[in-house]
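Enquirer: One structure follows; several queries about it will come next.
The values are calculated or read from the model by the stated rules, or taken from the named source; none is laboratory data. Treat the numbers as computed from the prediction; the structure is a model and nothing was measured. FYI the Cβ positions are ideal-geometry reconstructions off the backbone, even for glycines, and counts take in every protein chain you see.
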Amino acid sequence: FQQTFQLGLFRSDYFADSAANFGIKQVEFNTIASSFGGIATNISQYNRYVLRELGHDDKVKNLPTNGALQGLCEALAEAWTIYADP
């Protein structure tokens, strides 16, 4: 049995490296625990909330949006369509 199509859901984690002028460093790459991609959307909203509560409304615009949950859902729906009609 050979599969023509494959779907991979991956998650990559990063931290700010304070020793290198806060450059971003990859610390983990996950091929199974991809559910956190959906949770990350909530973390993004939480970060906005914290900044506003601390009176840093001006910094909220600098935070990137996180569309991971939408992307995961779209990928699963597309895979279902492809696998159902290969």
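Enquirer: Tally up the residues in segment 66-84 that are touching a Ser or Thr at 6+ places or on another chain (Cβ under 7 Å) and not in a helix (DSSP H, G or I), please.
Expert: Within segment 66-84, residues that are touching a Ser or Thr at 6+ places or on another chain (Cβ under 7 Å) and not in a helix (DSSP H, G or I) number 1.
Enquirer: Now, a different point. Taking segment 22-46 only, how many residues are part of a helix (DSSP H, G or I) and modelled with pLDDT under 90?
Expert: 10
Enquirer: Still on this model: For Val50, are the conditions met, namely being aliphatic (A, V, I, L, M) and either assigned to a helix (DSSP H, G or I) or surrounded by 12 or more Cβ atoms within 10 Å (Cβ to Cβ) (or both)?
Expert: Judged against the criteria, Val50 is a match.
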